[in-house]
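None of the figures in this text is laboratory data; all of them are computed from the coordinates on show. Nothing here was measured: the structure is a model prediction, and the numbers come from that model. No Cβ is skipped: glycine too gets one built from the backbone with ideal geometry, and neighbour counts run over all protein chains shown.
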Amino acid sequence: MTMEQMVMERFRALPPDRQLEVSDFVEFLQQKSAQGKPLNDPEGLWKGSCSDITLDEMTEARREMWGNFPREVPA
């Protein structure tokens, strides 16, 4: 039995409300895999937004904000 057959057999055994949950979860997984860049990538965070901020501008803003932050915490 193939993986697809096994999944379909189990899917058909579920009540309709659970089949809908499975369908929603599959759609979630498809969207997640189609996103491209992960959210921890600065460009991925802004993907799909209407912002015109470039990666260089974000990097410069980060430097300005954290430039005077102490590197070492006194004990």
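Here are a few things to note about the model shown:
- Residues Phe25, Phe11, Phe69, ranked from the fewest to the most other C-beta atoms within 10 Å, line up as Phe69, Phe25, Phe11.
- Compared with the direct C-alpha span, the chain from Arg18 to Thr54 gains 8.6 nm at full extension, assuming 0.36 nm per residue.
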